[in-house]
Structures are given as C-alpha cells and as structure tokens.
Amino acid sequence: MLDARLRKIIDPPLDGLGRRLARLGVTANAVTWTGFGVGVGAWVLLALGSYGAALALILLNRVADGLDGAVARHGRITDLGGYLDIVLDFLFYAGVVFFFAVGRPDEALPAAFLIFSFVGTGASFLAFAALAAKRGITTAARGPKSIYYLGGLTEGTETIALFVAICLFPDFFAWLAWGFGGLCWLTTAVRIFQAVETFRH
C-alpha cells in the first residue's frame, strides 16, 4: 500500500549509489546475493534471540534489495536478476518468521499462520505477474521492475514495518502475526478479485 509513496523518497539516494557501484563494476546480482547473505545472518540472530542485531541486518538486507535494482538500471538489467530478486525476497520474508519461531517455539502456531498468509500474497502476486507478462500488461507505479508488481494492503514497506515491530516488541509477536496475517489474506482476496476482473475475458 505504501511502496509507491516510499519509492519517491528512497529512489533518488539509491539511484545515486547504484550508479557509483555500477561504474565500479559491481553487478546487481552480486548485490542481491550479498543482501541475501546478510538476511541469513539475521535469521541466525533471530533464532538466538538477539533481536537488536537481527533488526540491523534485516534493515541492511532491505537496503540491498532496493540497491540491486538501482545497480541494474545503471548496469545491465537481466531476467535472471529479476528472478533472483523476487525469489530471494520471498525466502527471506518466510525465513524471518520461521527463525523467530525457532528461537521461541511457543510462538509456532502464529508463525505458521503468518507464513501461510505469505503463501497467499506470494502466489496471488506471482500468478498475476505471469499472466500480465503474457498479455503485455505493465506498470511503473513502483519503479521499473522486471515483472508486474501488483499492489495491496501488505506490500514490502508494511512487511518491513512488521519485522521492525517483531524485533522491537518480540513479546507481542503473536498479536502482530495474527493481525498482519489477516491483512495478508485481505490483500490476497483483493488481488484475486483484480485478477478476475482483468483476465476474465
């Protein structure tokens, strides 16, 4: 819901840094893999209950997620880069929730529900993108992307806010998971409705 607005703020500095990295020969895929490696470090810290340090790595991962696209725009945009970007994003999101539950097994049920809800948002997002590509439907509302980015109540910005809240208030994880999971299912329902309206003919 907030991604398009946030892009207007974060894109200019990321674009400048991306241009410098591209001139140095850094590839977008290298930034993507580095960011994912940082995210794996956040998983370990979450499992150990080191929430402050985990939050720092989560935020670094998200910076890398925005930076790889900027590097690609000033270097070389590839289908593989777009594929890695979205796949590693979804793995990272689910991993944050799973490894939080590893550190707190008593939170397994709300964690499972939240990951379940991520499946709904992810599937509705990717299926729409695949059919949009087939029909030549495009959008630049969230900046230049390799695939069609369908909006919703729970996008990247809201998910980052959730992870920040989880790290700052871990004792409220269950409430956050049930609430955000519910919003994810609303997002999924809206996306399915949009798909029906767009592709029925």
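Each value in this text was obtained by applying a stated rule to the coordinates, not by laboratory testing. The shown structure was predicted, so the numbers you read here are calculated from the model rather than taken from an experiment. Ideal geometry is used to build each Cβ from the backbone, glycine not excepted, and the neighbour counts take in all protein chains shown.
Results, tabulated for the structure shown:
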{"item": "Residue order, fewest to most beta carbons within 10 Å, for I77, I166", "result": "I77, I166"}
{"item": "Full-extension gain in nm, K134 to W33, via 0.36 nm per residue minus C-alpha separation", "result": "33.5 nm"}
{"item": "Under Karplus coefficients 6.51, -1.76 and 1.60, residue-wise ³J(HN,Hα) of the range 70-77 in Hz, glycine/proline x", "result": "5, 4, 4, 5, 9, x, 9, 8"}
{"item": "Nearest-0.05 FRET efficiency for V63 and W185, computed from C-beta distance (R0 30 Å)", "result": "0.55"}
{"item": "Gyration tensor verdict on the range 3-199 (Cα atoms; rounded if a/c is under 1.5, prolate if a/b is larger than b/c, oblate otherwise)", "result": "oblate"}
